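A.B. asks: Sharing a structure below in structure tokens format, with a few things to ask.
The values are calculated or read from the model by the stated rules, or taken from the named source; none is laboratory data. All figures in this text were calculated on a predicted structure; none of them were measured in a lab. Counting neighbours? That spans all protein chains shown, and the Cβs are built from the backbone with ideal geometry, glycine included. Protein only, heavy atoms only, side chains kept; ligands, DNA and RNA dropped before computing areas. Shrake-Rupley method; radii C 1.70, N 1.55, O 1.52, S 1.80 Å.
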Amino acid sequence: MHVYGMGERMMHIEKFTEYLAREKKMAKNSLDAYRRDVKEFADFEAARGISNLTESSSTEVVAFLHNLRHEGKSGATINRKLASVRAFYNYLSMEKLADSNPTAGIRTPRIEKKEIEFITIEEMDRLLEAPDDSSKGRRDRAILEVLYATGIKVSELIEANVDDINFRMGFITCSGDSNKARIVPMGRPARAALEDYVYEVRDKMLKDNKKEKALFLNYSGRRITRQGLWKIIKEYGEKAGISLSLTPNTIRNSFAVHMLQNGADLKSLQELMGHEDITATQMYLAATKNRIKDVYDNTHPRAR
């Protein structure tokens, strides 16, 4: 069986993403990433004169990976794109649209482990105190408090609706990448900042857009964007005098490390962060051990 022509290729890519949405229950962000990665491979093949994706060999896939490396893409990015192409060919094989899978036997490139970036509890306190008492500052304080109190991802915060908050019980409901809802508790300071924003500020920001369900709004009364959120966090990181270039993921990392430093067990942290595999949570242990070693070296009289 054959897959050929630009229209035919795109049809199969769309069918593939529909399959992922239907069978794997993937969120829109994940589906977009798979679609983008597979299209990039298809475009790479077309530029090399291969319009029929069933004619792609393992040599072509390796050439694609080498090209990504030549472009300066990170190991993590290359691995993700290989996983997308592999999943696409698994789908084609399952649907009897391809006789073989050119990704079979190609090993995932090794990734150099990066040190996790996080800030200290003292720095976090400065960050949370940075917003002023203006309407914008009260919204931003609620954003920072919720991010640190829950450790949720930037996508989960952006996609949160007002109805996802239970003030009485003190938790937020997150759908996550796999659309599997999980309930994440919030502490008293985050709940207080969020109540102040929702009941005193949000209605003013809505303007004429009274039907908007989004929890956090921008100046237009619409759902805050990823870019807008990154800008807010970077702004307060600089205001608080934090040396790191602060991102939402830095706050998520800090949440995890501070929890472990204060005695949280790994399994509970895994559930709070929405990790399907506990190995994703274990990476924070190394950061905790490194910090303990630093504290020992700097405080014990006979450490050196």
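A.B. asks: To one decimal place, what orientation-averaged projected area in nm² is obtained for the convex hull of the Cα set of the chain?
C.D. replies: Averaged projected area of the chain's Cα convex hull equals 20.1 nm².
A.B. asks: Between Ala83 and Asp133, with labels modelled 7 Å along Cα→Cβ, what's the label distance in nm to one decimal, could you check?
C.D. replies: The two pseudo-label positions are separated by 4.7 nm.
A.B. asks: List the GluC sites (Glu not before Pro) within segment 15-75 that DSSP assigns to loop and that have no more than 14 neighbouring Cβ atoms inside 10 Å.
C.D. replies: Glu71
A.B. asks: Taking only the alpha carbons of segment 46-88, what extent do you get along each of the three principal axes, in Å, biggest first?
C.D. replies: 28, 22, 14
A.B. asks: Moving on. Length gain on complete extension for the stretch Tyr19 to Glu235, per 0.36 nm per residue less the alpha carbon to alpha carbon distance?
C.D. replies: Full extension of this stretch gives 73.7 nm more.
A.B. asks: Something else: Gain in length, Leu285 to Arg69, computed as 0.36 nm per residue apart minus the alpha-carbon separation, to one decimal in nm?
C.D. replies: 74.8 nm
A.B. asks: Kirkwood hydrodynamic radius, segment 87-205, all distinct C-alpha pairs: what's the number in Å?
C.D. replies: Kirkwood radius, segment 87-205: 17.7 Å.
A.B. asks: Run the quick spin-label model on Tyr199 and Ile106: label points 7 Å from Cα toward the beta carbon, then report their separation in nm to one decimal.
C.D. replies: 5.6
A.B. asks: Accessible area per residue for segment 36-94 in Å², computed with a 1.4 Å probe and the full protein assembly in place, what is it?
C.D. replies: I get 45 Å² per residue for this part.
A.B. asks: Follow-up question, since we're still on this one. In this model, which of Lys204/Lys234; Lys24/Lys211; Lys28/Lys204 are farther than 27 Å apart at the alpha-carbon?
C.D. replies: Beyond 27 Å between Cα atoms: Lys24/Lys211; Lys28/Lys204.
A.B. asks: Show that you can apply the helix-only estimate: for the chain, add -39,500 (n - 2.57) for every DSSP H stretch of four or more residues, divide by all residues, and state [θ] at 222 nm to the nearest 500.
C.D. replies: Mean residue ellipticity, 222 nm, calculated: -18500 deg cm²/dmol.
A.B. asks: Right, next: Could you compute the FRET efficiency for Ala76 and Glu276, with r as their C-beta to C-beta distance and R0 at 22 Å, rounded to 0.05?
C.D. replies: On the way: r = 17 Å, r/R0 = 0.78.
The calculated FRET efficiency here is 0.80.
A.B. asks: Ignoring ligands, DNA and RNA, what percent of the 1.4 Å accessible area of segment 134-274 is carbon and sulfur?
C.D. replies: Using a 1.4 Å probe with all protein chains present, segment 134-274 comes out at 50 percent carbon and sulfur.
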